[in-house]
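*Asks:* Just dropping this structure here.
Each value in this text was obtained by applying a stated rule to the coordinates, not by laboratory testing. Everything numeric here is computed off the predicted structure, so don't read it as measured data. Methodologically, a virtual Cβ is constructed for each residue, glycine included, from the backbone with ideal geometry; neighbour enumeration extends over all protein chains shown.
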Ligand SMILES: C[S@@+](CC[C@H](N)C(=O)[O-])C[C@H]1O[C@@H](n2cnc3c(N)ncnc32)[C@H](O)[C@@H]1O
């Protein structure tokens, strides 16, 4: 089992609070068109699409519907869709999404949805079986905590001390190579992969890192719980939030190195996707709603990791500690709504399996 995360908060919570991730997918609609145009059609008119890190499926349904439309236009009529996520994902929620009115099965009743409950750091299906792979807002997760961390007062790539940052980056680099090596095995020759993940801009000094302000605020809230005796400080020192936004150089490294003979880089670039919560605040001025929605968005993706690695080791009920943490976060956001924007830089990468 991954000690990084057990998945998003289920039961419809992630779906209800992932408008930002939907916007990330939307920001890459041109790249999805390019992916579907660039892939080699498999013989026989049948193909398999894979979605790596699909969660409960609301955003997955939208991306897959678009991909099916684009591939149908290229003459592919018989398509299976492989939904991949961790075994601990809310698979019941995904099954419900497949039966919902927004499911691609409504528009493409000949297609089929299949589940692959395993880590995307290994091969999730048969070699040479995927024509199109997509992955939205997922591949920045680590497979595990970097070993031997000692960062008692920081939480993330952006604020890690100089002695600890190499450990975080080494874990991110080996995970990313494992992710791409598995995809290189699964993709058919001429198959294409589109990955969207949090990015970092190394062309500016200091380096700009997605979500740094939010993580800095989360760090403050966690330190407050440590001071109150709710979380042991030695446990916190060994923990980093296991998401690492990559630079273009870091993302491209395996394709220019170990996997160069198997994968061809078609595109790698950074785009700032605006926060829908910030945009709503600007148009409505409703600070309470901003604090509530921004906190719920944060909780949906972060609670599992914090609960498993921190709150579980705390002084009381982990669910009560989680409530305390996110209440603190919401209060801090409400008190100073401009202090912690969700400063995104989405890294988009398009790759093709060499023939
Ligand atoms: C923020 S959600 C993105 C969901 C969806 N793709 C979207 O765009 O809304 C990230 C997903 O990646 C999944 N994930 C994280 N690590 C994973 C791993 N090692 N293998 C498979 N899925 C993983 C999480 O469980 C979660 O469902």
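*Asks:* Taking each pair of different alpha-carbon atoms in the range 72-212 once, compute 1/r for the pair, average those values, and report the inverse of that mean as the Kirkwood hydrodynamic radius in Å to one decimal.
*Replies:* On the way: mean 1/r = 0.0565 Å⁻¹.
Kirkwood hydrodynamic radius for the range 72-212: 17.7 Å.
*Asks:* Okay, moving on. Of the candidates 198, 225, 142, which one comes out as most mobile in a Gaussian network treatment of the chain with C-alpha springs shorter than 10 Å?
*Replies:* 225
*Asks:* For the chain, what relative contact order do you get, as a whole percent, if you take Cα pairs closer than 8 Å and at least 6 residues apart? Provide the component values of the computation, followed by the final result.
*Replies:* Working: 680 pairs, mean separation 82.3, N = 355.
Relative contact order for the chain comes out at 23 percent.
*Asks:* Let me know the Kirkwood hydrodynamic radius for the range 1-72, please, with Cα pairs as the basis and the value in Å to one decimal.
*Replies:* Details: mean 1/r = 0.0715 Å⁻¹.
About 14.0 Å for the range 1-72.
*Asks:* P(r) for the range 199-248: what percent of alpha-carbon pairs falls in each 10 Å bin, starting at zero?
*Replies:* 23, 41, 26, 10, 0
*Asks:* Let me have the relative contact order for the range 1-146, percent, based on Cα pairs under 8 Å that are six or more residues apart. Each step should come with its number before you reach the end.
*Replies:* On the way: 222 pairs, mean separation 51.3, N = 146.
35 percent.
*Asks:* Just to check, using Stokes-Einstein with a Kirkwood Rh over alpha carbon pairs, what's the diffusion coefficient of the range 63-118 at 20 °C and 1.002 mPa s in µm²/s?
*Replies:* Details: Rh = 11.9 Å.
Calculated translational D: 180 µm²/s.
*Asks:* Can I ask one more? Among 318, 232, 109, whose mean-square fluctuation peaks in a Gaussian network model of the chain (Cα, cutoff 10 Å)?
*Replies:* For the chain, modelled as a Gaussian network with Cα springs under 10 Å, the answer is 109.
*Asks:* Separate question: Specify whether the C-alpha gyration tensor of the range 225-355 places it in the rounded, prolate or oblate class, a ≥ b ≥ c being the square roots of the eigenvalues: rounded for a/c under 1.5, otherwise prolate if a/b is larger than b/c and oblate if not.
*Replies:* Details: a/c = 3.27, a/b = 1.49, b/c = 2.19.
Oblate, since a/c reaches 1.5 and b/c is not below a/b.
*Asks:* Would you mind checking the tilt of helix 165-186 against the longest principal axis of the Cα atoms of the chain, expressed as 0 to 90 degrees and rounded to 10?
*Replies:* It works out to around 20 degrees.
*Asks:* Please list, in order, the residues from the range 325-339 whose amide nitrogen is less than 20 Å from a point placed 7 Å along the Cα→Cβ vector of residue 288.
*Replies:* 326-338
*Asks:* Listing 313, 17 from the residue with the fewest other Cβ atoms within 10 Å to the one with the most, what is the order?
*Replies:* On the way: 313 15, 17 21.
Ranking 313, 17 by Cβ neighbours within 10 Å, fewest first, gives 313, 17.
*Asks:* Turning to a different aspect of this structure: So what is log10(I(q)/I(0)) for the range 164-301 at q = 0.09, 0.12, 0.14, 0.15 1/Å, when the Debye sum runs over its Cα atoms only?
*Replies:* Rounded to two decimals, the profile gives -0.40, -0.69, -0.88, -0.96.
*Asks:* Now a separate question. Output needed for the range 274-346: three equivalent-ellipsoid semi-axes, defined as square roots of 5 times the C-alpha gyration tensor eigenvalues, in descending order, whole Å. Walk me through the intermediate numbers first.
*Replies:* On the way: eigenvalues 131, 36, 15 Å².
Listed largest to smallest, the semi-axes of the range 274-346 are 26, 13, 9 Å.
*Asks:* What whole-number distance in Å separates the alpha-carbon centres of the range 204-277 and the range 118-142?
*Replies:* Each part reduced to its Cα centre gives a spacing of 20 Å.
*Asks:* Find the centroid of the Cα atoms in the range 281-354 and in the range 157-192, then give the distance between the two in whole Å.
*Replies:* That distance is 24 Å.
*Asks:* Further question: GNM on the chain, C-alpha springs below 10 Å: top fluctuator among 80, 258, 62?
*Replies:* 258
*Asks:* Would you mind calculating the gained length between residue 272 and residue 162 on full extension (0.36 nm times residue separation, minus the Cα-Cα distance), in nm to one decimal?
*Replies:* Values: separation 110, 0.36 × 110 = 39.60 nm, distance 2.67 nm.
Stretched fully, the residue 272-residue 162 segment lengthens by 36.9 nm.
*Asks:* Please give the helix 58-73 orientation as an angle from the longest Cα principal axis of the chain, in degrees from 0 to 90, rounded to the nearest 10.
*Replies:* 20 degrees
*Asks:* What nm value, rounded to one decimal, do you get for the distance between residue 115 and residue 92 when each label is placed 7 Å out toward the C-beta?
*Replies:* 1.1 nm
*Asks:* In degrees, nearest 10, range 0 to 90: what is the angle between the Cα axis of helix 29-38 and the longest Cα principal axis of the chain?
*Replies:* 30 degrees
*Asks:* FRET efficiency for residue 100 and residue 69, Cβ-Cβ distance as r, R0 = 22 Å, nearest 0.05?
*Replies:* Working: r = 18 Å, r/R0 = 0.81.
E(calc), rounded to 0.05, equals 0.80.
*Asks:* What is the spread of the Cα atoms of the chain along each of their three principal axes, largest first, in whole Å?
*Replies:* 64, 44, 36
*Asks:* Based on the alpha-carbon gyration tensor of the range 226-295, what equivalent-ellipsoid semi-axes (square roots of 5 times the eigenvalues) come out, in whole Å, largest first? Can you show the working numbers first?
*Replies:* Numbers: eigenvalues 257, 141, 9 Å².
Result for the range 226-295: semi-axes of 36, 27, 7 Å.
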